[in-house]
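Heads up: the structure comes next, in structure tokens.
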Amino acid sequence: MKTLRDVNLPKTVVDTIPESVARECSVIAVTQTHDLLTIACPDDLFGPRDEERVRFILDRPISWLRLPRSEIADAIQRHYVVDGAIDDCGWTMRFQC
């Protein structure tokens with residue numbers, strides 16, 4: 001996998017990482033085979049301590065896929081949707097008291 005921009009990741013895989021962890025650590029799960037979870041992480045400023053922290057939180061074997069931080073942020077925004085949120089609706093309301 002070279003890019004996340006046009007990939008729709010399976011919800012069951014994405015949900016292996018809680019949204020708060022994904023956003024705080026800038027990571028997203030991309031594949032899962034048996035016990036091994038492949039996680040996309042930033043290719044900048046994401047070192048061994050960050051890897052150890054995520055591995056500790058998830059308590060499972062992980063392989064790392066280094067990608068640009070902006071690409072991961074976009075994927076997180078697309079795949080973690082707030083329930084009831086309406087994106088790009090185009091409608092506006094005016095309220096007058």
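The values are calculated or read from the model by the stated rules, or taken from the named source; none is laboratory data. Just so it is clear, the model here is predicted, and its values are computed rather than measured. Positions of Cβ are backbone-derived with ideal geometry, glycine not excepted, and every protein chain shown enters the neighbour counts.
Of the helices (runs of 4 or more DSSP H) lying entirely inside segment 1-67, the ones with 3 or more residues being over 20 Å from Val81 (Cβ atoms) and without any contact (Cβ under 8 Å) to a residue 60 or more places away in the chain are found at 48-58.
Flag set for Lys11, criterion: within 15 Å of the chain's Cα centre (by Cα) and modelled with pLDDT under 95.
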